[in-house]
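> Here it is, the structure in full.
Read-outs throughout are calculated quantities, based only on the coordinates presented, and are distinct from any laboratory measurement. Computed from a prediction, not measured in an experiment: that's the story for all the values here. Heads up, the Cβs are rebuilt from the backbone with ideal geometry, glycines too, and the neighbour counts pull from every protein chain shown.
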Amino acid sequence: MGKRILLLGAPGAGKGTQSKRLAETYGVEHVTTGDALRANKDMETEYGTPRSFMEKGELVPDAVVNEIVEAALADADGYVLDGYPRNLSQAEYLTEITDLDAVIYLKVAESELVERLTGRRVCDDCGTNFHVKFNQPEEEGVCDDCGGELVQRDDDTEETVRERLSVFEENTEPVIEHYRDEGVLVEVDGEQTPDEVFEDIRSVVDDA
Ligand code: AP5
Ligand code: MG
Ligand code: ZN
């Protein structure tokens with residue numbers, strides 16, 4: 001069985017950046033509720049569309065995301081889970097459906113998060129992340145990996161970023177405390193370079 005890795009962190013902490021590398025290195029699935037929801041933004045659910053929540057920086061209802069995660073994990077031989085669980089009720093649900101080999105918290109200060117998110121650019125085709133200052137593509141506006149167009153996410157405006165950070169503080173910090181209390185949380189300094197962060201995560205996963 002492949003490794004089952006949970007990567008926790010605030011919006012902009014680098015979950016997507018590191019998950020992509022982990023999935024390639026360990027040959028596991030990258031399971032990310034954010035990307036899954038973005039690919040189905042206008043899907044009608046009994047609560048409304050994902051878009052109606054995401055544009056405001058609010059959480060999409062648990063029933064919708066729980067179903068996405070359960071289906072994705074059922075098909076995966078090992079995974080890195082990114083963007084879930086985001087509140088205690090999702091954490092309880094996760095405990096019911098799977099065991100975890102490693103629980104990692106990417107720690108980054110709030111002032112740094114705002115700059116990372118407002119400067120982020122994402123490839124429209126393959127989803128690779130870049131940053132106007134910290135992680136520039138070779139050619140402005142063009143993806144290094146696939147040549148696709150780099151765009152800004154709808155929820156990366158300063159106002160929505162502030163809302164996402166407050167939703168994180170209220171709903172997701174208790175999830176981090178929950179895993180800390182269980183004694184399984186390993187904290188990684190997310191303010192190092194992406195390569196250094198990756199090395200730290202890798203040593204945690206290799207020991208797991
Ligand atoms: P989601 O897509 O999960 O967004 P998020 O959690 O806000 O996190 P981000 O994707 O913005 O950041 P990241 O940690 O992946 O950082 P990244 O690697 O890109 O969720 C979006 C929305 O969907 C939510 O608001 C909600 O509405 C909904 N949703 C999703 N999951 C849900 C759930 N479980 N329940 C309910 N609703 C849900 O890096 C950020 C930037 O920093 C990039 O530009 C990158 O190049 C740069 N960077 C990365 N690492 C470094 C580094 N070490 N140094 C300098 N720069 C770096
Ligand atoms: Mg992400
Ligand atoms: Zn690309």
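> Say we join alpha carbon atoms closer than 10 Å with springs in a Gaussian network model of the chain; which of K56, K107, K133 then has the biggest fluctuation?
Largest GNM mean-square fluctuation: K133.
> About its Cα centre, how strong a charge dipole does segment 85-208 have in debye, to the nearest 20, once Lys and Arg get +1 and Asp and Glu get -1 at the Cβ?
Using only the charged Cβ atoms, the result is roughly 200 debye.
> Still on this model: At 7 Å along Cα-to-Cβ for each site, give me the label-to-label distance between K133 and E149 in nm.
Simple spin-label model gives 2.7 nm for this pair.
> Follow-up. Where both residues lie in the chain, what percent of DSSP beta bridges are antiparallel, nearest 5? Before the final figure, lay out the partial values.
On the way: 7 of 25 bridges.
Antiparallel bridges make up about 30 percent of those DSSP assigns within the chain.
> Against the globular-protein guess of 2.2 N^0.38 Å, express the Cα radius of gyration of the chain as a ratio, rounded to two decimals. Before the final figure, lay out the partial values.
On the way: Rg = 16.3 Å, N = 208, 2.2 N^0.38 = 16.7 Å.
Compactness ratio reported: 0.97.
> Sticking with this one: Give the calculated FRET efficiency between Q192 and E163 to the nearest 0.05, with a Förster radius of 35 Å applied to their Cβ-Cβ distance.
Details: r = 27 Å, r/R0 = 0.78.
Plugging the Cβ-Cβ distance into 1/(1 + (r/R0)^6) gives 0.80.
> Next up: Given the alpha-carbon gyration tensor of segment 102-168, what are the semi-axes of its equivalent ellipsoid in whole angstrom, ordered largest first, with each equal to the square root of 5 times an eigenvalue? Let's see the in-between values first.
Working: eigenvalues 106, 41, 26 Å².
Taking √(5λ) for each Cα gyration eigenvalue gives 23, 14, 11 Å.
> Might you report the magnitude of the Cβ-based charge dipole of the chain about its Cα centre, with Lys and Arg at +1 and Asp and Glu at -1, to the nearest 20 debye? Don't jump to the answer; show the numbers that get you there.
Numbers: 20 positive and 50 negative charges, 20 e Å.
Its charge dipole is roughly 100 debye.
> Go through 57-65, 165-173 and give me the packing order, highest mean Cβ count within 10 Å leading. Please report the intermediate quantities before stating the final value.
Values: 57-65: 17.7, 165-173: 15.9.
Going by the mean number of other Cβ atoms within 10 Å, highest first, we get 57-65, 165-173.
> Mind jotting down the distance between the C-alpha centroids of segment 141-186 and segment 13-38, whole Å?
Taking the Cα centre of segment 141-186 as reference, the centre of segment 13-38 is 12 Å away.
> To the nearest whole percent, what portion of all C-alpha pairs in segment 73-189 is separated by more than 21 angstrom?
52 percent
> Answer with one residue from V108, C123, S166: the one whose Cα lies farthest towards the positive end of the charge dipole of segment 61-208, charges on Cβ with Lys, Arg +1 and Asp, Glu -1.
The one lying farthest along the dipole's positive direction is S166.
> Let me ask another. Where a ≥ b ≥ c are the square roots of the eigenvalues of the C-alpha gyration tensor, would you call segment 123-208 rounded, which needs a/c under 1.5, or, failing that, prolate if a/b is larger than b/c, or oblate?
Numbers: a/c = 2.76, a/b = 1.41, b/c = 1.95.
Because a/c hits 1.5 or more and a/b fails to exceed b/c, segment 123-208 counts as oblate.
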